[in-house]
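Since the structure comes first, as structure tokens, the remarks are kept for the end.
The values are calculated or read from the model by the stated rules, or taken from the named source; none is laboratory data. Just so it is clear, the structure is predicted and the values come from calculations on it, not from any experiment. Positions of Cβ are generated from backbone atoms using ideal geometry, with glycine treated the same way; all protein chains shown enter the neighbour counts. Each accessible area value is taken on the protein alone, full model and side chains, heavy atoms only, with ligands, DNA and RNA left out. Shrake-Rupley method; radii C 1.70, N 1.55, O 1.52, S 1.80 Å.
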Amino acid sequence: MTTCSAPGKIYLFGEHAVVYGEPAIACAIELRTRVCAKKSNVIKISSNLGKTALDFDVHPYVSAAIKKMGSPGVSIEITSDIPVGSGLGSSAAVTIATLAAINIEFGLGYENEELARIGHEIEKEVQGAASPTDTFVSTFGGVVEIPSRKRLELLDCGIVIGNTNKGASPKKTAKLVQQVARLKEQYPDAINPIIKTIGSFAKQGEALVSEKNYTSLGKLMNVNHGLLDALGVCTVELSALVYAARNAGAYGAKLTGAGGGGCMVALSDSPQEVAKAIERAGGQAIITRFTQLGVLLE
Ligand code: MEV
């Protein structure tokens, strides 16, 4: 029996723009998904989504991971701190933890680099489009610039996540990526500069991360949120939590991940205050930290 865990992530800057080759900064967080893999006569998958065999509707990422590893007889049990389909990289975390646990349980000998590559293939197959960001960060942890894979300084302020508990769905990312692609096709003169500007925040963000300049990082996060709103991926519930966090003194706040509901993220040195404000505005607050830890054998 082998248990591996992998972290979720937040984007400081760059979701959606990263799909068009712009740089992004993504950060592993202390919320993790744990996958226990045990040799078995049949394939069994158990999570809070249900108990199934190989099932590409209920457990698309785990089923695809088992298939990629040669469909061995395996019993998989999943537990997770990461809300599903909410923009915190839950699909990458469960995919990477499953690949890693099967890799060790069956002595397959893959390196982490290879697991990240297979994980990205799985995300593309299931979602239709995916950048390598989530699977890379979930495998290696830390604060990372994508696509260069440059590891940046670990930030040490508090992170408050606000979950709207609305619009969460594992298939939502594909829909929103397509929605932005359509807008870009219809209005290239308006949308292309927005995407480029979002990319420029990741470039500026690199220096700000190494200086731990939370005030400037926060201001750029706020602008990034406004541009994601312009791309049509924000919701009224997300904005309510973003404004609540800013009014409670957060350095900055923005939606994180694909949007359309799901989660926002705020940076703050008074995370309890920001969390209370998020809860008062109708969200579910989760206080967490940045982490260097990627996929781990538990
Ligand atoms: C989803 O977490 C982030 C997007 O940029 C899609 C991706 O990068 O795969 C919307």
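Considering only region 200-232, state which residues are surrounded by fewer than 20 Cβ atoms within 10 Å (Cβ to Cβ), more than 20 Å from Ser270 (Cα to Cα) and of a type in the set (S, T, N, Q). Across region 200-232, the qualifying residues are Ser200, Gln204, Ser210. What residue, among those in region 118-136 that are acidic (Asp, Glu) and within 11 Å of the ligand (Cβ to nearest atom), is most open to solvent (accessible area, probe 1.4 Å)? For region 118-136, the residue satisfying everything is Asp134. The residues listed here are Thr256, Thr235, Thr197; of these, the one that is of a type in the set (Ser, Thr, Tyr), crowded, with 20+ Cβ neighbours inside 10 Å and within 16 Å of the ligand (Cβ to nearest atom) is Thr256. Looking at Pro60, is it touching a Pro at 6+ places or on another chain (Cβ under 8 Å) and within 16 Å of the ligand (Cβ to nearest atom)? Answer is yes for this residue. Pairs are defined by a Cβ separation below 6 Å, a sequence spacing of at least 6 or placement on different chains, a first member in region 180-203 that is closer than 12 Å to Ala230 by Cβ and assigned by TED's automatic domain parsing to the domain that holds Gly252, and a second member that is open to solvent by 30 Å² or more (accessible area, probe 1.4 Å) and aliphatic (A, V, I, L, M); the pairs so defined are Ile191/Leu183; Ile194/Leu227; Ile194/Ala230; Ile198/Leu227. Total residues in region 260-283 satisfying the condition of being polar (S, T, N, Q) and open to solvent by 80 Å² or more (accessible area, probe 1.4 Å): the figure is 1. Against the criterion of being touching a residue at least 40 places away in the same chain (Cβ under 8 Å) and among the basic types (Lys, Arg), Lys44 does not qualify.
Quick grid of which residues meet (1) under 21 Å from Thr288 (Cβ atoms); (2) modelled with pLDDT of 95 or more:
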{"site": "Leu208", "(1), (2)": "yes, yes"}
{"site": "Gly218", "(1), (2)": "yes, yes"}
{"site": "Asn222", "(1), (2)": "yes, yes"}
{"site": "Thr235", "(1), (2)": "no, yes"}
{"site": "Leu238", "(1), (2)": "yes, yes"}
{"site": "Val242", "(1), (2)": "yes, yes"}
{"site": "Ala248", "(1), (2)": "yes, yes"}
{"site": "Gly257", "(1), (2)": "yes, no"}
{"site": "Ala266", "(1), (2)": "yes, yes"}
